[in-house]
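Comments concern the structure below.
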Number of protein chains: 2
Amino acid sequence: METIKIAVLGLGTVGQGVVMMLDAQKELLAKEAGCPIELGRVLEKYLTKKRDVQLPEGMCTNRWEDILQDPSIRIIVETIGGIEPARTYILQALKAGKSVVTANNDLLAEYGTELFQAAREAERDLYFENSVGGAIPLIRALRQNLSVCRLTQIMGIINGTTNYILTRMGEGCGFHKALAEAQENGLTEPDPKADIDGRDAARSAAILATLAFHSQVHLADVYMEGITRITGEDIAIAHSLGYAIKLLAVCRNDGVSIEARVHPALIPAAHPLSAVKDTYYAIFVKGEELSETMFYGLGIGRLPSAIAILDDVVAVAQNIHRNCQGRLNFVEPRTLPILPMEKVRTRFFLRLLLTDEPGTLADVTEILGRCNVSIARVHQTVLDKGVAEVVFITHLAVEGDMQEAVSSIQALPATQKVVSLIRVEGVAEDS
Amino acid sequence: METIKIAVLGLGTVGQGVVMMLDAQKELLAKEAGCPIELGRVLEKYLTKKRDVQLPEGMCTNRWEDILQDPSIRIIVETIGGIEPARTYILQALKAGKSVVTANNDLLAEYGTELFQAAREAERDLYFENSVGGAIPLIRALRQNLSVCRLTQIMGIINGTTNYILTRMGEGCGFHKALAEAQENGLTEPDPKADIDGRDAARSAAILATLAFHSQVHLADVYMEGITRITGEDIAIAHSLGYAIKLLAVCRNDGVSIEARVHPALIPAAHPLSAVKDTYYAIFVKGEELSETMFYGLGIGRLPSAIAILDDVVAVAQNIHRNCQGRLNFVEPRTLPILPMEKVRTRFFLRLLLTDEPGTLADVTEILGRCNVSIARVHQTVLDKGVAEVVFITHLAVEGDMQEAVSSIQALPATQKVVSLIRVEGVAEDS
């Protein structure tokens, strides 16, 4: 029976995991795919670098052509990450008649349309389960299951690094120490910037929204705010009010426009998302024909990633074996406009330092009222030296109105500091 | 472009849901499948029965031959339920070269091997997402995602009717009233027996275990105990001790043998499953390469079922369109023995009525100790008329040992009644 050879591009944590499991699960893979699957070649820039995996003599190459021009390689597993050279390699591989499995949410969020167009023209497969949520079968659920219902909302925690950091901060650890820990534990990219500034989550949100709403959403369409401004104090105060702070992705489709945003948010303790800790992901999917469905699991790490990738490899191998590649499509035209952030309706947590004198609170609340922001809760604590800390939690308000209110509040003589403005999500509708 | 015609067998709640959504989602279905999908024929015994759906003249037939012999029908959607005539229809349809989508966990749990053998021989598809967990993409996750890892445990709530009843009982409603409600709300089969005696959950457990562990598990292999012996008192006492009572399915694979059981169980309030209410399902999947992954959503109901079925129809239509039916296989040989129930290790909640006199408790604890059952907690309440109610929660114990202990306790002169013996699951390993 035909053996299907794959090439792994990049021998980082994930690439090595794939090589390991490819060997460890040989029988299972062959059984599932209907034919043996074998490692054909590995592309790695640094041939001499120390690895956790032993590769046979000559398996590793630093020349892409060796793989591109090898007709026995049928599937390319791209674990390099980043835009280039991954983008060029994938496009060339598809043109050369190879199918591709990629873990690269960066590339998909920015060049998804181009890549899937190329896959369609080549009638080859482009699978990407691991690009969002590791082994949590989220991409396949949106691409195959749930593909026939009108999904209205995706909301969840889709970045493990920031969830780990926020979890540790909630335990009293400082941001920088928590970040350092995450790096030591291999939970971040060499450069953690894309994690902490929300970009990685925004990429995933763009991919999920595109799949869920059948309308192209690009990275640039996703409002993005990271966790760098969140302090231990914010988390402690939120906690004392009955909320956790998470980096949240919210994608909505009301049939008129699409809302896509990633930012820190307060979540009520009663909401399941508030209990999602460490590097776990949890994604809620809602649809017109579907009440809330939830997916929960480990989104990052060597093994979950390797599993997600090898499941894709098996699916592609089945398709090659059955000669039906290119079945699944992911070229979604833009059918709905993106709702501008200033028009988004949400709730807010606003924390102020005010000079503790008569009338100050009245001025602030007057401004909020004038800007159509109605207050659900207020907590005032007088700090030493005549300074009052005031925390507001609002009802649903329009982002633009709230921003206007905040700048007016900032202009008040009695306002010493607008300490933090954090959105609030996951509040039961009736509240 | 070729239009793919389907026939729906049975116009019950689910069958009507499929017919409705087939029309409502026409465009989306065609887009996803790559070709138009159309209702070709409906099989229904009672042609004159009142329906929620309007069918064109001549669409409905009560003669199976009209469908079997119609070559334009490519996909059969079986929503009749039960063993016969569903089994015969599916076998004949596959032989006739039609692919099949079924929602029938009853049939799959007992005749899965035969049906999938037939599908393989005919090189046709047999999809069954809705047979377990409605629109929760669990079957596809186990069949396609997660298919390359060595799964070690599946544990969860996989019957919506009993979960609804237990939820209502927890709110103080009696069993019979809760059951009547479930029936009024269309949450049970005409005969609810299979739900409340655990048979429906056991069927699903057999299917899940077979898929997860790549080893055939039949309905007869699954230990089964329903909720009929659970009382409001049990639930209240469990609650006071910090537990909820759920009908739980537990399937384990330790590499030596497979454990498969369905029974009521106490779940600690800290465990996510204890919070799963009403008709919601939640299934935890664990694997050697995979820490806990969880799926949550509505398992029953017209729309979730229709979505699950139509997602399968789309997948099968893609396969027909691409001429690659029969890709996925589900004929799993028995590779591991089933662990006999008396060898299963779990924890227990034991509730006794004892004559309130000196030495009684000592006699009971002596028996438990002799049978290698060690006690984690004891609660004694003296009821009126010299009767003491004693509740034990044990550490991990072997089922056979516990059963032996209970019969010895029953034989004690001071034992007035063994009120209840309920297993305890979901306790953190370290406890």
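Rounded if a/c is under 1.5, else prolate if a/b beats b/c, else oblate: with a ≥ b ≥ c from the C-alpha gyration tensor eigenvalues square-rooted, which is the stretch A:214-329? Since a/c reaches 1.5 and a/b is larger than b/c, the shape of the stretch A:214-329 is classed as prolate.
Comparing A:T13, A:T161, A:T293 in a Gaussian network model of chain A (Cα springs below 10 Å), the most mobile by mean-square fluctuation is A:T293. Per-residue accessible area (protein heavy atoms, 1.4 Å probe) orders A:E123, B:E289 as A:E123, B:E289, starting from the largest.
Within 10 Å of the Cβ of each residue in A:130-136, the mean number of Cβ atoms contributed by other protein chains is 3. Computed over Cα pairs, the Kirkwood radius of the stretch B:138-298 leads via Stokes-Einstein (1.002 mPa s, 20 °C) to a diffusion coefficient of 134 µm² per second. Overall shape of the stretch B:255-390 was characterised from the C-alpha gyration tensor. The equivalent ellipsoid obtained from it has semi-axes of 48, 21, 13 Å, in decreasing order.
Once you have a ≥ b ≥ c as the square roots of the Cα gyration tensor eigenvalues for chain B, tell me rounded if a/c is under 1.5, and otherwise prolate or oblate according to whether a/b is larger than b/c. Prolate shape, in that a/c is at least 1.5 and a/b is the bigger ratio.
Distance distribution P(r), the stretch B:341-424, all Cα-Cα pairs, bin width 10 angstrom from 0: 19, 56, 22, 3 percent. The rule of thumb for compact globular proteins, 2.2 N^0.38 Å, goes into the C-alpha radius of gyration of the stretch A:1-145 1.01 times.
Sorted from nearest, the other copies put their B:P337 label points 7.0 nm away, the label point being 7 Å from Cα in the direction of Cβ.
Rounded to the nearest 10 degrees, the angle from helix B:160-170 to the longest Cα principal axis of chain B is 30 degrees. Loop exposure criterion: trypsin sites (Lys or Arg not before Pro), DSSP state outside H, G, I, E and B, at most 11 other Cβ atoms within 10 Å. Applied to chain B, the longest stretch between such sites is B:64-384. Of the GluC sites (Glu not before Pro) found in the stretch A:198-280, not one falls in a DSSP loop while having at most 14 other beta-carbon atoms within 10 Å. Shortest first, B:M20 label-point distances to identical copies amount to 4.9 nm, with the label point at 7 Å from Cα along Cα→Cβ. For chain A, modelled as a GNM whose springs connect Cα atoms under 10 angstrom apart, the maximal fluctuation among A:D363, A:D234, A:D311 occurs at A:D363.
For B:V419, the residues 5 or more places off, or on other chains, whose built amide H falls under 5 Å of its own are B:R351, B:L352, B:L353. Is the C-alpha gyration tensor of the protein assembly as shown telling us rounded, prolate or oblate? Criteria: a/c under 1.5 is rounded; beyond that, a/b larger than b/c is prolate, otherwise oblate. Judged from the Cα gyration tensor, the protein assembly as shown comes out rounded (a/c under 1.5).
Using only Cα positions of the stretch A:64-117, each an equal point scatterer, no hydration layer, compute I(q)/I(0) via Debye at q = 0.24, 0.25, 0.31 Å⁻¹ and quote the log10 values to two decimals. For the stretch A:64-117, the Cα-only Debye profile gives -0.90, -0.98, -1.39.
Where chain A is carried onto chain B by rotation, the Cβ closest to that axis, with its residue and distance in Å, is A:C324, 2. The sum of -39500 (n - 2.57) across all DSSP H runs of n ≥ 4, divided by the residue count of the protein assembly as shown, sets its helix-only mean residue ellipticity at 222 nm to -10500 deg cm²/dmol. Rounded to the nearest Hz, the phi-derived 3J(HN,Hα) couplings of the stretch A:154-159 under the Karplus curve 6.51 cos²θ - 1.76 cosθ + 1.60 (θ = phi - 60°) are 10, 9, x, 9, 10, 9, where x marks glycine and proline.
For the stretch B:406-423, backbone phi angles converted through the Karplus equation (6.51, -1.76, 1.60; θ = phi - 60°) give residue-by-residue couplings of 4, 5, 5, 4, 4, 6, 5, x, 7, 7, 7, 6, 8, 6, 7, 10, 10, 6 Hz, Gly and Pro being listed as x.
With the label put 7 angstrom out from Cα along the Cα-to-Cβ vector, B:E171 ends up 3.8 nm from the copy partners, going from closest to farthest. Using a 4.7 Å Cβ-Cβ cutoff, the cysteines of chain A lacking any partner cysteine are A:C35, A:C60, A:C149, A:C173, A:C251, A:C371.
Between A:A270 and any residue 5 or more places off or on another chain, the built amide H atoms are never under 5 Å apart.
Applying the Karplus relation 6.51 cos²θ - 1.76 cosθ + 1.60 with θ = phi - 60° to the stretch A:82-91 yields 3J(HN,Hα) values of x, 7, 10, x, 3, 4, 4, 4, 5, 4 Hz, where x marks Gly and Pro.
The convex hull drawn around the Cα atoms of the stretch B:124-226, when projected onto a plane and averaged over every direction, covers 7.9 nm². So what's the gap between the Cα centers of the stretch B:283-325 and the stretch A:221-273, to the nearest angstrom? Cα centroid to Cα centroid, the span is 29 Å. To the nearest ten degrees, helix A:199-213 and the longest principal axis of the Cα atoms of chain A are 80 degrees apart.
Among beta bridges identified by DSSP and lying wholly in chain A, the antiparallel ones come to about 70 percent. Taking Cα atoms, how many degrees apart are the long axis of helix B:13-24 and the longest axis of chain B, rounded to 10 and kept between 0 and 90? The angle comes out at about 40 degrees. The DSSP beta bridges internal to the protein assembly as shown are antiparallel in roughly 70% of cases.
Distances between placed amide hydrogens fall under 5 Å for B:L339 paired with B:I258, B:E259, B:A260, all partners being 5 or more residues away or on another chain.
The values are calculated or read from the model by the stated rules, or taken from the named source; none is laboratory data. Given the structure is predicted, the values throughout are model-derived calculations rather than measurements. No Cβ is skipped: glycine too gets one built from the backbone with ideal geometry, and neighbour counts run over all protein chains shown. Accessible surface areas use protein heavy atoms only, side chains included; no ligands, DNA or RNA. Shrake-Rupley method; radii C 1.70, N 1.55, O 1.52, S 1.80 Å.
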